[in-house]
Structures are given as structure tokens and as C-alpha cells.
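**Q** Sending over a structure as C-alpha cells; questions will come in a sec.
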Amino acid sequence: MALVINDRVKESSSTTGTGAFALAGIVQGFETFSAGIGNSNTTYYAAYEAGTNNWEVGLGTLDGSSANLARTTVITSSNSDSLVNFTSGGLEVFCTLPASKAVYLDASGTPVGAASDGFAVAMAIAL
């Protein structure tokens with residue numbers, strides 16, 4: 001199982017409650033979690049419920065068939081950063097990179113994010 005992040009991965013889901021997202025199919029113009037992330041891998045996800053203020057960002061784990069995305073760890077959400085109890089079943093779930101996990105240089109070139117200054121300098125030299 002690897003952590004995989006990919007662009008333009010998005011599926012609909014009719015999941016309600018706080019369980020795993022049952023991935024219900026590709027959203028036009030995107031690719032499936034199966035194609036973009038791969039069976040049994042983990043990824044960062046975001047989910048939102050149409051017509052509500054319910055949303056969630058977390059680390060999820062695809063099952064062996066990529067039919068379900070387990071909500072392994074919630075990073076932030078509309079429910080005080082806990083699992084959201086989705087109620088309507090009108091969800092869109094997509095791959096994302098949470099801001100709290102990003103490492104980047106600010107406008108003045110100073111490292112921002114999870115890495116230390118020394119790590120950021122080492123990575124810049126290595127690249």
C-alpha cells in the first residue's frame with residue numbers, strides 16, 4: 001500500500017452516514033480512483049455534499065477493488081474536524097493535497113510547511 005496523489009481524480013458517491021465512501025462512478029472530465037490511485041493504496045481526499053455545508057478532507061484507503069474509500073483519518077471538516085455524518089447521499093469525492101501537508105516556498109523564498117529549513121534546503125539542492 002502506497003500513498004498516491006494524482007490530479008483530476010473524482011467520483012460521485014451516494015454514501016450516507018460516517019462509513020466508507022462507496023464510489024459510484026466517474027465524474028465527466030475526470031478519472032476514477034481505480035485508474036488514478038490504484039487498488040489498496042492510500043490518498044488524500046476531499047468530499048462535499050451538494051446543497052449543504054457538509055465537507056471533509058482526510059486520508060483515505062481504497063479497498064482491493066477500488067469500489068470503496070475508507071475514511072482512515074479526518075484532517076479537517078465541517079464537523080469540528082471529525083467525521084461528517086453525510087445525510088443526502090449526493091457526494092462528490094476527489095483526490096487533493098491538503099494545505100496542512102504541503103511544503104512550499106513563500107514569496108520571499110522561506111520554506112513553509114511540515115519540513116524544517118534544513119530539509120527544504122537539502123531537497124532544493126537534490127532537485
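**Q** Suppose R0 equals 41 Å. What FRET efficiency, 1/(1 + (r/R0)^6) with r the Cβ-Cβ distance, do residue 80 and residue 108 give to the nearest 0.05?
**A** Efficiency at R0 = 41 Å is approximately 0.75.
**Q** In addition: Taking the Cβ-Cβ separation of residue 8 and residue 52 as r and a Förster radius of 22 Å, what is the calculated FRET efficiency to the nearest 0.05?
**A** 0.35
**Q** Can you work out the Karplus-derived ³J(HN,Hα) for every residue in segment 41-55? Use 6.51 cos²θ - 1.76 cosθ + 1.60 with θ = phi - 60°, whole Hz, and x for glycine or proline.
**A** So the J values, rounded to whole Hz, are 8, 9, 7, 7, 10, 10, 9, 9, 9, 4, x, 9, 9, 8, 7.
**Q** Could you please report the charge total around residue 47, scoring K, R as +1 and D, E as -1 over all other residues with beta-carbon less than 11 angstrom from its beta-carbon?
**A** Net charge around residue 47: -2.
**Q** If you stretched the chain out fully between residue 67 and residue 26, how much longer would it get, using 0.36 nm times the residue separation minus the C-alpha to C-alpha distance?
**A** Roughly 13.6 nm would be gained on extension.
**Q** Apply the Debye scattering formula to segment 49-111, with a single equal point scatterer on each alpha-carbon and no solvent, then give log10 I(q)/I(0) at q = 0.22, 0.29 Å⁻¹.
**A** -0.98, -1.34
**Q** Here is a follow-up. Mind pulling the angle between the C-alpha long axis of helix 117-126 and the longest principal axis of the chain? Nearest 10 degrees, somewhere in 0 to 90.
**A** In the chain, helix 117-126 runs at an angle near 90 degrees to the longest axis.
**Q** I need two numbers for segment 22-76: Rg to one decimal and Dmax as a whole number, Cα atoms only, in Å.
**A** That works out to 11.4, 31 Å for Rg and Dmax.
**Q** With the cut-off at 1.5 for a/c, could you classify the chain from its C-alpha gyration tensor as rounded, prolate or oblate?
**A** In terms of gyration-tensor shape, prolate.
**Q** Grab the DSSP H runs of the chain that are 4 residues or longer, score each as -39,500 (n - 2.57), total them, divide by all residues and round the 222 nm result to the nearest 500 deg cm²/dmol.
**A** Taking each H run of at least 4 residues, the total per residue is -3000 deg cm²/dmol.
The numbers here are math on the coordinates, done by the rules we state, and not lab data. Everything quoted here is computed from the prediction, not taken from an experiment. Every residue, glycine among them, receives a Cβ derived from its backbone with ideal geometry; neighbour counts consider all protein chains shown.
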